[in-house]
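Here's the structure, in structure tokens; my notes come after.
The values are calculated or read from the model by the stated rules, or taken from the named source; none is laboratory data. Owing to the predicted nature of the structure, the values given are computational and were not obtained by experimental measurement. Here the Cβ positions follow ideal geometry from the backbone for every residue, glycine too, while neighbour counts run over all protein chains shown. What goes into the accessible areas is simple: the full protein's heavy atoms, side chains included, and nothing from ligands, DNA or RNA. Shrake-Rupley method; radii C 1.70, N 1.55, O 1.52, S 1.80 Å.
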Amino acid sequence: YLNDPDGIMLELTLETPERYRSIEIGPHTVSLIDSEGRRRGAVEQLDFAAAVAPLHGGDTQKPLPSGSYIGHVHLNVPDLQAAHRFYRDVIGFQEHAYMAPVHMADLSAGGDFPHRIAINDWHGPAARQAPAGAAGLRRYELILHGREQLDELAARAATADIALSLDDQGVLALHDPAGNKVTVIEAPA
């Protein structure tokens, strides 16, 4: 974990699905069991230099390569259950882990590791978005593959009585229970 210059916490994770066997959720901790049966802490120290070595020969001052994307977003929300229902039942993420003892949920789009969203209520019921003019998340974008997925999401939102908008470029926008704006677009063909 580290903070950017604006004080926003970033979690850098080097995920290696080929080394993953299972996850154990305890009352106060999460442990990963690797392919050799070793227990690993979910927040073990990461060798940052080794993690970024493939990027630009290890030069951490250069921007990420074109085509890079964020594969895991972690949101602080005031109501874990409401956010969990929204991302599972409206957006359509699959439940990866619901960890009530540690006040966190992890959902995925496409299996155990790719394209995940995690939510927690660690900041309590007073967690709110940063005020206007302050650094913070304002919106993020989900890319769906095919008009059918976009239409299905719109139908789920309507069923859940979630307000949404569709602009003239076909961009669907809605807000999660914490007030985060989610724009949903169809991937280019």
Keeping to region 162-189, report how many residues are in a loop (DSSP other than H, G, I, E, B), without any contact (Cβ under 8 Å) to a residue 40 or more places away in the chain and open to solvent by less than 80 Å² (accessible area, probe 1.4 Å).
3
If we keep only residues of region 82-102 that are in contact with a Lys or Arg (Cβ under 7 Å, 6 or more places away or on another chain) and modelled with pLDDT under 90, then the residue surrounded by the most Cβ atoms within 10 Å (Cβ to Cβ) is His96
